[in-house]
Amino acid sequence: MGRGGDEGAKEEIFLLFYHEFLSPSTKLPIAQCPLPIAHCPLPNLLMLILLVEDDPAQLEPLRAALIKAGHIVDAIEDGETAQWLISQKDYDLLILDWMLPQVSGIKLCQEYRRMGKTAPVLMLTAKDTTSDKVIGLDAGADDYLVKPIDIIELLARVRALGRRSPQWVGDTLSLASLHLHLTNLTIERHQITVQLSGREFQLMEYMMRHPRQVLSHNQIEQSLWGWGTEPESNAVTTLVRRLRQRLQTVGAKDWLETVYGMGYRLNVPENNV
């Protein structure tokens, strides 16, 4: 039997996103991904995720599913390395196993909140009593998933946690008259729409979530490339140039400013309409 229209369209968009967005060093061959393409949701919020699980047999399928859903994933097997990473990088979501060597998931969550960081935390654990759940939530976790982990449910929880940002309305992120559409990876202003590549979309989303802030090359690299992945030296400069070209099409080229010696800033003009 032939593939249905919706399923075929979904596969086409996913394959486009997969090949354009994921770097060769982080993506798995599609045949090795744990979910059928039809069951894998299109990317939601394109988050930078820290995944900490000490069992490699559980870590790899979770990492593969999250990458297939369009996210960048730092996958770590011990709490001590994770402890260092959360002090160095700004994640959009933390997924922490409760029982970790060296530093537990509960302690990681507590330390993360003491740093004043507010990204959602999803706790994974075999502990399923009410008192255990209360301990996790009191430590600062936002949600709780009991092992064995169902990947479909995990992805649903990730989507729900990602959409807690008040800047997103449905599948659209808006800043003044600029609208970023998640479902088809486009940017739109004054009824003019431009298609973005996966990487351009992620940079645009990152800058729209940090308007008027100067973002350094290092900050952009950490947000767009996973830990241990080294982009080419001119990757950020090239990406910013391409994004400016897209913004020029919708009349917003000047919004993306170069702050010489420091980085880049998305600055909405005061007279913006």
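Just one of the listed residues (Val158, Val134) is without any contact (Cβ under 8 Å) to a residue 12 or more places away in the chain, of a type in the set (Val, Ile, Thr) and part of a helix (DSSP H, G or I), and it is Val134.
A single entry from Ala160, Ala82 fulfils the requirement of being within 30 Å of Asn218 (Cβ to Cβ) and surrounded by 14 or more Cβ atoms within 10 Å (Cβ to Cβ): Ala82.
Residues that are of a type in the set (Phe, Trp, Tyr), at pLDDT 90 or above and within 19 Å of Lys89 (Cβ to Cβ): does the range 252-269 have at least one? Yes, the conditions are met somewhere in the range 252-269.
Set side by side, the residues Ser197, Ser223 differ, and just one is among the polar types (S, T, N, Q), touching a Phe, Trp or Tyr at 6+ places or on another chain (Cβ under 6 Å) and surrounded by 14 or more Cβ atoms within 10 Å (Cβ to Cβ), which is Ser223.
Only one of the listed residues (Glu205, Glu111) is assigned by TED's automatic domain parsing to the domain that holds Gln83, surrounded by 14 or more Cβ atoms within 10 Å (Cβ to Cβ) and not β-branched (Val, Ile, Thr). That residue is Glu111.
Each residue in the range 208-217 was checked for being surrounded by fewer than 19 Cβ atoms within 10 Å (Cβ to Cβ) and modelled with pLDDT of 85 or more, and 3 pass. All of Pro148, Pro166 fail the test of being at pLDDT below 90, over 20 Å from the mean Cα position of the chain (by Cα), assigned to a loop (DSSP other than H, G, I, E, B) and closer than 25 Å to Ala69 by Cα, apart from Pro148. Residues in the range 197-233 that are of a type in the set (Lys, Arg) and in contact with a helix residue (DSSP H, G or I) (Cβ under 9 Å, 6 or more places away or on another chain): Arg199 alone. Among the candidates Leu122, Leu96, the residue that is in contact with an Asp or Glu (Cβ under 8 Å, 6 or more places away or on another chain), within 23 Å of Ser223 (Cβ to Cβ) and not in a helix (DSSP H, G or I) is uniquely Leu122. For Val236, are the conditions met, namely being aliphatic (A, V, I, L, M), under 20 Å from Thr172 (Cβ atoms) and touching an Asp or Glu at 6+ places or on another chain (Cβ under 8 Å)? Here the answer is no, as Val236 does not meet what is asked. Would you confirm, using the coordinates I've provided, whether Ala65 is modelled with pLDDT of 80 or more, aliphatic (A, V, I, L, M) and outside any strand (DSSP E or B)? Yes: the conditions hold for Ala65. Could you please let me know if Asp90 is surrounded by fewer than 17 Cβ atoms within 10 Å (Cβ to Cβ), in contact with a Ser or Thr (Cβ under 9 Å, 6 or more places away or on another chain) and at negative phi? Judged against the criteria, Asp90 is a match. Of all residues in the range 127-140, none satisfies being surrounded by 14 or more Cβ atoms within 10 Å (Cβ to Cβ), of a type in the set (Lys, Arg) and modelled with pLDDT of 85 or more. Counting only residues that are of a type in the set (D, E, K, R) and touching a residue at least 12 places away in the same chain (Cβ under 8 Å), the range 137-155 holds 3 of them.
The values are calculated or read from the model by the stated rules, or taken from the named source; none is laboratory data. Everything numeric here is computed off the predicted structure, so don't read it as measured data. Methodologically, a virtual Cβ is constructed for each residue, glycine included, from the backbone with ideal geometry; neighbour enumeration extends over all protein chains shown.
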